[in-house]
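Below: one structure, written as C-alpha coordinates.
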Amino acid sequence: MLGLNGTPFQPATLQLTGIPGIQTGLTLIALVFCILYMFSMVGNLGILILVFWEPALHQPMYYFLSMLALNDLGVSLSTLPTVISTFCFNYNHVGFNACLVQMFFIHTFSFTESGILLAMSLDRFVAICDPLRYATVLTHNRILAVGLGILTRSFSTLFPFPFLVKRLPFCKGNVLHHSYCLHPDLMKVACGDIHVNNIYGLFAVIFTYGVDSAFILLSYVLILRAVLAVISREQRLKALNTCMSHICAVLVFYVPIIAVSTIHRFWKSAPPVVHVTMSNVYLFVPPMLNPIIYSVKTKAIRRGILKFFHKPQA
(Lines give C-alpha, C1' and ligand atoms only; values in the text may rest on other atoms or scores of the structure.)
Protein backbone atom coordinates (compact mmCIF):
# COMPACT_ATOMS: atom_id res chain seq x y z
CA MET A 1 0.00 0.00 0.00
CA LEU A 2 1.31 3.44 -0.93
CA GLY A 3 0.67 6.75 0.72
CA LEU A 4 -0.45 9.89 -1.06
CA ASN A 5 3.14 10.82 -1.90
CA GLY A 6 3.87 7.42 -3.40
CA THR A 7 5.95 6.17 -0.44
CA PRO A 8 5.15 2.98 1.45
CA PHE A 9 2.42 3.54 4.03
CA GLN A 10 3.50 3.43 7.65
CA PRO A 11 1.12 4.25 10.48
CA ALA A 12 1.97 7.21 12.69
CA THR A 13 1.21 5.07 15.73
CA LEU A 14 0.82 1.39 16.51
CA GLN A 15 -1.77 0.02 18.91
CA LEU A 16 -0.51 -2.27 21.64
CA THR A 17 -2.56 -5.06 23.19
CA GLY A 18 -2.55 -6.07 26.82
CA ILE A 19 -3.56 -9.72 27.13
CA PRO A 20 -5.99 -10.85 24.41
CA GLY A 21 -9.33 -12.15 25.66
CA ILE A 22 -8.92 -10.75 29.16
CA GLN A 23 -11.17 -7.75 29.70
CA THR A 24 -11.59 -7.97 33.46
CA GLY A 25 -9.08 -8.04 36.27
CA LEU A 26 -6.75 -5.61 34.51
CA THR A 27 -5.97 -3.88 37.81
CA LEU A 28 -4.69 -7.17 39.21
CA ILE A 29 -2.62 -7.79 36.07
CA ALA A 30 -1.15 -4.29 36.33
CA LEU A 31 -0.26 -4.99 39.95
CA VAL A 32 1.49 -8.25 38.96
CA PHE A 33 3.59 -6.45 36.35
CA CYS A 34 4.49 -3.71 38.84
CA ILE A 35 5.61 -6.35 41.34
CA LEU A 36 7.70 -8.09 38.67
CA TYR A 37 9.37 -4.80 37.77
CA MET A 38 9.99 -3.96 41.43
CA PHE A 39 11.65 -7.31 42.15
CA SER A 40 13.71 -7.07 38.97
CA MET A 41 14.91 -3.51 39.62
CA VAL A 42 15.65 -3.99 43.31
CA GLY A 43 17.27 -7.41 42.84
CA ASN A 44 19.57 -6.48 39.97
CA LEU A 45 20.51 -3.10 41.42
CA GLY A 46 21.25 -4.93 44.66
CA ILE A 47 23.59 -7.36 42.87
CA LEU A 48 25.45 -4.47 41.19
CA ILE A 49 25.83 -2.54 44.44
CA LEU A 50 26.91 -5.64 46.36
CA VAL A 51 29.61 -6.64 43.84
CA PHE A 52 30.91 -3.07 43.74
CA TRP A 53 30.89 -2.69 47.54
CA GLU A 54 32.21 -6.09 48.69
CA PRO A 55 35.94 -6.70 47.93
CA ALA A 56 35.49 -10.48 48.33
CA LEU A 57 33.26 -10.42 45.22
CA HIS A 58 35.86 -8.76 43.01
CA GLN A 59 36.38 -11.96 41.06
CA PRO A 60 35.68 -12.94 37.41
CA MET A 61 32.55 -14.94 38.28
CA TYR A 62 30.93 -11.95 39.97
CA TYR A 63 32.02 -9.50 37.29
CA PHE A 64 30.10 -11.61 34.79
CA LEU A 65 27.19 -11.71 37.25
CA SER A 66 27.30 -7.89 37.30
CA MET A 67 27.07 -7.88 33.50
CA LEU A 68 24.04 -10.17 33.73
CA ALA A 69 22.38 -7.93 36.33
CA LEU A 70 23.06 -4.78 34.27
CA ASN A 71 21.65 -6.46 31.17
CA ASP A 72 18.55 -7.61 33.05
CA LEU A 73 17.99 -4.01 34.13
CA GLY A 74 18.16 -3.08 30.45
CA VAL A 75 15.55 -5.73 29.57
CA SER A 76 13.19 -4.39 32.22
CA LEU A 77 13.69 -0.74 31.32
CA SER A 78 13.18 -1.40 27.59
CA THR A 79 9.71 -2.86 28.14
CA LEU A 80 8.63 -0.75 31.11
CA PRO A 81 7.30 2.41 29.33
CA THR A 82 4.75 0.68 27.10
CA VAL A 83 3.77 -2.05 29.58
CA ILE A 84 3.08 0.46 32.34
CA SER A 85 1.20 2.82 30.00
CA THR A 86 -0.91 -0.08 28.65
CA PHE A 87 -1.87 -1.74 31.92
CA CYS A 88 -1.71 1.11 34.44
CA PHE A 89 -2.86 4.12 32.39
CA ASN A 90 -4.89 2.36 29.67
CA TYR A 91 -2.87 4.17 26.98
CA ASN A 92 -2.02 1.59 24.35
CA HIS A 93 -0.51 3.62 21.49
CA VAL A 94 3.15 3.99 20.60
CA GLY A 95 4.79 5.97 17.82
CA PHE A 96 6.06 3.94 14.87
CA ASN A 97 9.69 5.06 15.25
CA ALA A 98 9.52 4.67 19.03
CA CYS A 99 8.28 1.12 18.47
CA LEU A 100 11.29 0.36 16.26
CA VAL A 101 13.65 1.71 18.92
CA GLN A 102 12.00 -0.42 21.59
CA MET A 103 12.12 -3.49 19.34
CA PHE A 104 15.84 -2.93 18.78
CA PHE A 105 16.66 -2.66 22.49
CA ILE A 106 14.48 -5.59 23.59
CA HIS A 107 16.10 -7.96 21.09
CA THR A 108 19.59 -6.54 21.69
CA PHE A 109 19.38 -7.09 25.46
CA SER A 110 17.98 -10.58 24.87
CA PHE A 111 20.85 -11.52 22.55
CA THR A 112 23.34 -9.96 24.98
CA GLU A 113 21.99 -12.09 27.83
CA SER A 114 22.62 -15.21 25.79
CA GLY A 115 26.22 -14.13 25.24
CA ILE A 116 26.74 -13.36 28.93
CA LEU A 117 25.44 -16.79 29.91
CA LEU A 118 27.95 -18.30 27.48
CA ALA A 119 30.76 -16.25 29.03
CA MET A 120 29.68 -17.42 32.48
CA SER A 121 29.80 -21.05 31.35
CA LEU A 122 33.36 -20.51 30.07
CA ASP A 123 34.20 -18.98 33.45
CA ARG A 124 32.97 -22.14 35.19
CA PHE A 125 34.88 -24.30 32.68
CA VAL A 126 38.18 -22.57 33.44
CA ALA A 127 37.54 -22.55 37.20
CA ILE A 128 36.90 -26.30 37.32
CA CYS A 129 39.04 -27.69 34.50
CA ASP A 130 42.09 -25.41 34.89
CA PRO A 131 41.85 -23.80 38.34
CA LEU A 132 45.56 -23.00 38.66
CA ARG A 133 45.38 -20.66 35.65
CA TYR A 134 41.98 -19.18 36.50
CA ALA A 135 43.30 -15.79 37.62
CA THR A 136 45.77 -15.51 34.76
CA VAL A 137 43.29 -16.53 32.06
CA LEU A 138 40.38 -14.35 33.20
CA THR A 139 42.15 -11.07 33.80
CA HIS A 140 40.29 -7.78 34.15
CA ASN A 141 41.24 -6.74 30.62
CA ARG A 142 40.02 -10.01 29.13
CA ILE A 143 36.74 -9.85 31.06
CA LEU A 144 36.22 -6.30 29.78
CA ALA A 145 37.08 -7.42 26.24
CA VAL A 146 34.60 -10.31 26.48
CA GLY A 147 31.86 -7.97 27.69
CA LEU A 148 32.51 -5.46 24.91
CA GLY A 149 32.65 -8.29 22.37
CA ILE A 150 29.26 -9.62 23.48
CA LEU A 151 27.72 -6.15 23.32
CA THR A 152 29.26 -5.46 19.90
CA ARG A 153 27.98 -8.74 18.50
CA SER A 154 24.46 -8.08 19.72
CA PHE A 155 24.43 -4.46 18.53
CA SER A 156 25.82 -5.23 15.08
CA THR A 157 23.49 -8.23 14.61
CA LEU A 158 20.37 -6.25 15.54
CA PHE A 159 21.33 -2.95 13.90
CA PRO A 160 19.78 -3.81 10.48
CA PHE A 161 16.41 -4.81 12.00
CA PRO A 162 14.81 -1.35 12.35
CA PHE A 163 15.81 -0.48 8.78
CA LEU A 164 14.51 -3.79 7.42
CA VAL A 165 11.17 -3.12 9.12
CA LYS A 166 11.00 0.55 8.15
CA ARG A 167 11.25 -0.26 4.43
CA LEU A 168 8.02 -2.31 4.58
CA PRO A 169 4.48 -1.03 4.01
CA PHE A 170 1.92 -1.77 6.73
CA CYS A 171 -1.48 -2.56 5.26
CA LYS A 172 -2.77 -5.22 7.67
CA GLY A 173 -3.71 -2.73 10.36
CA ASN A 174 -1.69 -1.29 13.20
CA VAL A 175 -2.68 -3.56 16.10
CA LEU A 176 0.16 -5.54 17.72
CA HIS A 177 -0.38 -8.56 19.94
CA HIS A 178 1.78 -7.53 22.89
CA SER A 179 2.22 -4.57 25.19
CA TYR A 180 5.66 -3.99 23.67
CA CYS A 181 7.20 -4.15 20.19
CA LEU A 182 8.80 -7.35 18.85
CA HIS A 183 10.07 -8.06 15.36
CA PRO A 184 7.87 -11.15 14.73
CA ASP A 185 4.82 -9.18 15.88
CA LEU A 186 5.55 -6.34 13.46
CA MET A 187 5.94 -8.83 10.62
CA LYS A 188 2.35 -9.99 11.16
CA VAL A 189 0.96 -6.57 10.20
CA ALA A 190 3.52 -5.76 7.49
CA CYS A 191 2.90 -6.17 3.79
CA GLY A 192 5.21 -6.65 0.87
CA ASP A 193 8.09 -9.10 0.69
CA ILE A 194 9.14 -10.03 4.22
CA HIS A 195 11.41 -12.89 3.18
CA VAL A 196 14.53 -10.85 3.87
CA ASN A 197 13.30 -10.06 7.38
CA ASN A 198 12.44 -13.71 8.07
CA ILE A 199 15.71 -15.06 6.68
CA TYR A 200 17.84 -12.50 8.50
CA GLY A 201 15.82 -13.06 11.68
CA LEU A 202 16.48 -16.81 11.46
CA PHE A 203 20.19 -16.13 10.87
CA ALA A 204 20.32 -13.84 13.92
CA VAL A 205 18.64 -16.43 16.14
CA ILE A 206 20.97 -19.23 15.00
CA PHE A 207 24.04 -16.98 15.23
CA THR A 208 23.22 -16.09 18.83
CA TYR A 209 20.92 -18.50 20.64
CA GLY A 210 21.96 -21.50 18.54
CA VAL A 211 25.73 -20.97 18.77
CA ASP A 212 25.66 -19.88 22.41
CA SER A 213 23.52 -22.78 23.61
CA ALA A 214 25.72 -25.26 21.73
CA PHE A 215 28.89 -23.92 23.37
CA ILE A 216 27.22 -23.81 26.79
CA LEU A 217 26.27 -27.48 26.39
CA LEU A 218 29.81 -28.32 25.23
CA SER A 219 31.36 -26.52 28.21
CA TYR A 220 29.22 -28.54 30.62
CA VAL A 221 30.08 -31.80 28.88
CA LEU A 222 33.77 -30.98 29.43
CA ILE A 223 33.07 -29.86 33.00
CA LEU A 224 31.21 -33.10 33.74
CA ARG A 225 34.06 -35.15 32.27
CA ALA A 226 36.57 -33.30 34.45
CA VAL A 227 34.42 -33.69 37.55
CA LEU A 228 33.92 -37.42 37.02
CA ALA A 229 37.71 -37.83 36.84
CA VAL A 230 37.97 -36.59 40.43
CA ILE A 231 38.15 -39.45 42.88
CA SER A 232 36.70 -37.71 45.93
CA ARG A 233 32.89 -37.59 45.98
CA GLU A 234 33.02 -34.50 48.20
CA GLN A 235 35.16 -32.64 45.66
CA ARG A 236 32.78 -33.63 42.86
CA LEU A 237 29.79 -32.23 44.70
CA LYS A 238 31.69 -29.07 45.60
CA ALA A 239 32.68 -28.49 41.97
CA LEU A 240 29.17 -29.12 40.66
CA ASN A 241 27.66 -26.90 43.35
CA THR A 242 29.60 -23.92 42.00
CA CYS A 243 27.75 -24.41 38.69
CA MET A 244 24.22 -24.73 40.03
CA SER A 245 23.40 -21.01 39.98
CA HIS A 246 24.52 -20.71 36.38
CA ILE A 247 22.67 -23.86 35.32
CA CYS A 248 19.46 -22.47 36.85
CA ALA A 249 19.98 -19.12 35.08
CA VAL A 250 20.51 -20.92 31.75
CA LEU A 251 17.32 -22.96 32.22
CA VAL A 252 15.31 -19.89 33.24
CA PHE A 253 16.46 -18.11 30.07
CA TYR A 254 16.40 -20.87 27.44
CA VAL A 255 13.35 -22.93 28.48
CA PRO A 256 10.88 -20.07 27.75
CA ILE A 257 12.65 -19.40 24.42
CA ILE A 258 12.29 -23.05 23.42
CA ALA A 259 8.66 -23.04 24.56
CA VAL A 260 7.86 -19.89 22.56
CA SER A 261 9.52 -21.33 19.43
CA THR A 262 7.78 -24.69 19.84
CA ILE A 263 4.34 -23.11 20.26
CA HIS A 264 4.93 -20.76 17.35
CA ARG A 265 5.94 -23.56 14.98
CA PHE A 266 3.91 -26.57 16.10
CA TRP A 267 0.84 -25.09 17.81
CA LYS A 268 -0.13 -22.21 15.56
CA SER A 269 -3.79 -22.68 16.48
CA ALA A 270 -3.04 -21.93 20.13
CA PRO A 271 -5.14 -19.12 21.64
CA PRO A 272 -3.42 -15.71 21.44
CA VAL A 273 -3.29 -15.57 25.23
CA VAL A 274 -0.91 -18.57 25.20
CA HIS A 275 1.55 -16.85 22.84
CA VAL A 276 1.40 -13.61 24.81
CA THR A 277 1.80 -15.34 28.17
CA MET A 278 4.88 -17.27 27.03
CA SER A 279 6.42 -14.11 25.58
CA ASN A 280 5.81 -12.34 28.88
CA VAL A 281 7.43 -15.20 30.78
CA TYR A 282 10.43 -15.05 28.43
CA LEU A 283 10.93 -11.29 28.98
CA PHE A 284 9.87 -10.75 32.59
CA VAL A 285 10.75 -13.89 34.55
CA PRO A 286 14.55 -14.18 34.01
CA PRO A 287 15.34 -10.60 35.16
CA MET A 288 13.29 -11.23 38.30
CA LEU A 289 14.61 -14.73 39.09
CA ASN A 290 18.33 -14.32 38.35
CA PRO A 291 19.10 -12.20 41.45
CA ILE A 292 17.06 -14.61 43.59
CA ILE A 293 18.85 -17.64 42.16
CA TYR A 294 22.31 -16.24 42.81
CA SER A 295 21.34 -14.93 46.26
CA VAL A 296 20.01 -18.33 47.32
CA LYS A 297 22.55 -20.63 45.65
CA THR A 298 25.81 -18.65 46.06
CA LYS A 299 27.38 -18.54 49.52
CA ALA A 300 29.58 -15.55 48.73
CA ILE A 301 26.53 -13.51 47.70
CA ARG A 302 24.66 -14.52 50.86
CA ARG A 303 27.64 -13.58 53.03
CA GLY A 304 27.94 -10.28 51.20
CA ILE A 305 24.25 -9.50 51.80
CA LEU A 306 24.54 -10.31 55.50
CA LYS A 307 27.70 -8.23 55.79
CA PHE A 308 26.09 -5.32 53.91
CA PHE A 309 23.15 -5.17 56.28
CA HIS A 310 25.11 -5.98 59.43
CA LYS A 311 25.53 -2.96 61.66
CA PRO A 312 28.58 -3.30 63.87
CA GLN A 313 28.18 -2.50 67.53
CA ALA A 314 29.36 0.96 68.57
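Of all residues in the range 259-281, which are open to solvent by 40 Å² or more (accessible area, probe 1.4 Å) and modelled with pLDDT of 85 or more?
VAL281, the sole residue that qualifies.
Kindly indicate which of ALA56, ALA69, ALA98 is over 21 Å from the mean Cα position of the chain (by Cα), part of a helix (DSSP H, G or I) and closer than 30 Å to ILE150 by Cβ.
Residue meeting the stated conditions: ALA56.
Quick one: LEU14 ticks every box in (1) in a helix (DSSP H, G or I); (2) modelled with pLDDT of 90 or more except a single one, so which number is it?
With respect to (1) in a helix (DSSP H, G or I); (2) modelled with pLDDT of 90 or more, LEU14 is out only on (1).
Got at least one residue in the range 228-239 being within 24 Å of the chain's Cα centre (by Cα) and surrounded by 12 or more Cβ atoms within 10 Å (Cβ to Cβ)?
Checked against the condition, which is being within 24 Å of the chain's Cα centre (by Cα) and surrounded by 12 or more Cβ atoms within 10 Å (Cβ to Cβ), the range 228-239 yields no hits at all.
When you go through (1) touching a helix residue (DSSP H, G or I) at 6+ places or on another chain (Cβ under 6 Å); (2) open to solvent by 50 Å² or more (accessible area, probe 1.4 Å); (3) β-branched (Val, Ile, Thr) one by one for ILE116, which number turns out not to apply?
Going through the list (1) touching a helix residue (DSSP H, G or I) at 6+ places or on another chain (Cβ under 6 Å); (2) open to solvent by 50 Å² or more (accessible area, probe 1.4 Å); (3) β-branched (Val, Ile, Thr), ILE116 breaks only (2).
Out of all the residues in the range 176-197, is one or more open to solvent by less than 40 Å² (accessible area, probe 1.4 Å) and of a type in the set (Phe, Trp, Tyr)?
Among the residues of the range 176-197, at least one is open to solvent by less than 40 Å² (accessible area, probe 1.4 Å) and of a type in the set (Phe, Trp, Tyr), which makes the answer yes.
With touching a residue at least 40 places away in the same chain (Cβ under 8 Å), crowded, with 18+ Cβ neighbours inside 10 Å, under 21 Å from PRO287 (Cβ atoms) and out of contact with any Leu (no Cβ under 8 Å at 6 or more places or on another chain) as the only criterion, which of VAL75, VAL101, VAL83 stands out?
Exactly one of VAL75, VAL101, VAL83 is touching a residue at least 40 places away in the same chain (Cβ under 8 Å), crowded, with 18+ Cβ neighbours inside 10 Å, under 21 Å from PRO287 (Cβ atoms) and out of contact with any Leu (no Cβ under 8 Å at 6 or more places or on another chain), namely VAL83.
As an exercise: evaluate SER154 against (1) at pLDDT below 90; (2) assigned to a helix (DSSP H, G or I); (3) open to solvent by less than 10 Å² (accessible area, probe 1.4 Å) and give the number of the one condition it does not meet.
(1)
Any residue at all in the range 129-137 that is among the small types (Gly, Ala, Ser) and open to solvent by 60 Å² or more (accessible area, probe 1.4 Å)?
Scanning the range 129-137 turns up at least one residue that is among the small types (Gly, Ala, Ser) and open to solvent by 60 Å² or more (accessible area, probe 1.4 Å).
Exactly one of (1) modelled with pLDDT under 95; (2) not charged (D, E, K, R); (3) not in a loop (DSSP other than H, G, I, E, B) is unmet by ILE116. Its number?
(1)
The values are calculated or read from the model by the stated rules, or taken from the named source; none is laboratory data. As the structure is a computational prediction, the values presented were derived from the model and not from experiment. Glycine also receives a Cβ, built like all others from the backbone with ideal geometry; neighbour counts cover every protein chain displayed. These area figures cover heavy atoms from the full protein model, side chains too; ligands, DNA and RNA do not enter into them. Shrake-Rupley method; radii C 1.70, N 1.55, O 1.52, S 1.80 Å.
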